[in-house]
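Below you'll find the structure, written out as structure tokens, and then a few comments.
The values are calculated or read from the model by the stated rules, or taken from the named source; none is laboratory data. Quick caveat: nothing in here was measured; it's all calculated off a predicted structure. Every residue, glycine among them, receives a Cβ derived from its backbone with ideal geometry; neighbour counts consider all protein chains shown. The accessibility values were calculated without ligands, DNA or RNA, using every heavy atom of the protein model including side chains. Shrake-Rupley method; radii C 1.70, N 1.55, O 1.52, S 1.80 Å.
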Amino acid sequence: MRPQTIFALLLCWLAPGCAQQPTVWNFKKPDRIGNNFATISGAPSIAEERGRRSMCFKGEPDAALLDVNPIAGFRNFTIEVLIKPRSAGSAEQRFLHIEDARAARLLLELRIVSPQEWALDTFLFDSPQSRLTLLDRAKVHSTDQWHWVALTYDGTTMAHYVDGVRELEGPVAFRAMSPGKMSLGVRLNKVSWYQGCMREIRYTPRALAAPELQKPPKR
């Protein structure tokens, strides 16, 4: 471990609440996401808008695969993603999938309800006896616009939000995950391809309350 890294960890240990701060991933180039190297499928591209970079997927075969589980060991967590779904593609689209060695998994998905509307679909799977899907097709949002989506888990309850507004919640037992792998732009088994862009992903080791979530981007 580099001396600079050790020093940074010591500073974090001394600073109250440091361990509760989010890990933020931005997109520098398709195979460099946050500080992680990714294996690329197809040709996802980096787009720049108002000085900020995002990674865009055109559907099959565009995806990024990473040998990392950014929430490994988290008993509670929040995942926030800034996305801009296109008014195109299949009805079911997975844009973030995390899975560990025991096949526990977390998915952030969307359902295209009409060419102009989509609904958020989230999923936690701990075992066949402990799993939960949250989806309400009546809660729709505009395609071709930026939206913050969030999934939270506080140790007993899973909830999901769009632009800081809680849409659904439910009880589920979900143990802390072990190290694993993940995909962006598709499910890990390469089905349900995403069409759209994502600009930022945030991982926090606690369940954030609605006022703490990222605010809706300016239109």
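Identify the single condition in (1) within 16 Å of the chain's Cα centre (by Cα); (2) β-branched (Val, Ile, Thr); (3) within 15 Å of Trp193 (Cβ to Cβ) that Val68 does not satisfy, given that it satisfies every other one.
Status for Val68: all satisfied but (3).
Being surrounded by fewer than 19 Cβ atoms within 10 Å (Cβ to Cβ) and at pLDDT 95 or above is the filter here, so list the residues in the stretch 42-52 that pass it.
Correct list: Gly42, Ala43, Ser45, Ile46, Ala47.
For every residue, the table says whether it meets (1) of a type in the set (Asp, Glu); (2) under 24 Å from Thr23 (Cβ atoms); (3) at pLDDT below 95.
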site	(1), (2), (3)
Ser87	no, no, yes
Ser90	no, no, yes
Ala119	no, no, no
Leu134	no, yes, no
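Among (1) over 15 Å from the mean Cα position of the chain (by Cα); (2) at positive phi, which single condition is Asn189 missing?
(2)
Inside the stretch 114-133, can you point out the residues that are open to solvent by 10 Å² or more (accessible area, probe 1.4 Å), part of a strand (DSSP E or B) and either under 21 Å from Trp146 (Cα atoms) or not β-branched (Val, Ile, Thr) (or both)?
Of everything in the stretch 114-133, those that are open to solvent by 10 Å² or more (accessible area, probe 1.4 Å), part of a strand (DSSP E or B) and either under 21 Å from Trp146 (Cα atoms) or not β-branched (Val, Ile, Thr) (or both) turn out to be Ser114, Glu117, Phe123, Phe125, Asp126, Ser127, Ser130, Arg131, Leu132.
Taking only the stretch 69-99 into account, find how many residues are open to solvent by 10 Å² or more (accessible area, probe 1.4 Å) and assigned to a strand (DSSP E or B).
Adding up the residues that qualify gives 4.
Can you tell me which residue among Arg166, Arg206, Arg137, Arg111 is within 26 Å of Leu66 (Cβ to Cβ), surrounded by fewer than 18 Cβ atoms within 10 Å (Cβ to Cβ) and not β-branched (Val, Ile, Thr)?
Checking each option against the conditions leaves just Arg111.
Out of Ala19, Ala15, report the one residue that is open to solvent by 50 Å² or more (accessible area, probe 1.4 Å), at pLDDT below 85, under 30 Å from Thr156 (Cβ atoms) and among the aliphatic types (A, V, I, L, M).
Answer to the check: Ala19.
Condition test on Arg111, is it at pLDDT 95 or above, outside any loop (DSSP other than H, G, I, E, B) and in contact with a Phe, Trp or Tyr (Cβ under 9 Å, 6 or more places away or on another chain)?
yes
When the stretch 22-41 is examined, which residues are found to be assigned to a strand (DSSP E or B) and exposed (fewer than 14 other Cβ atoms within 10 Å of the Cβ)?
Of everything in the stretch 22-41, those that are assigned to a strand (DSSP E or B) and exposed (fewer than 14 other Cβ atoms within 10 Å of the Cβ) turn out to be Thr23, Val24, Lys28, Lys29, Phe37, Thr39.
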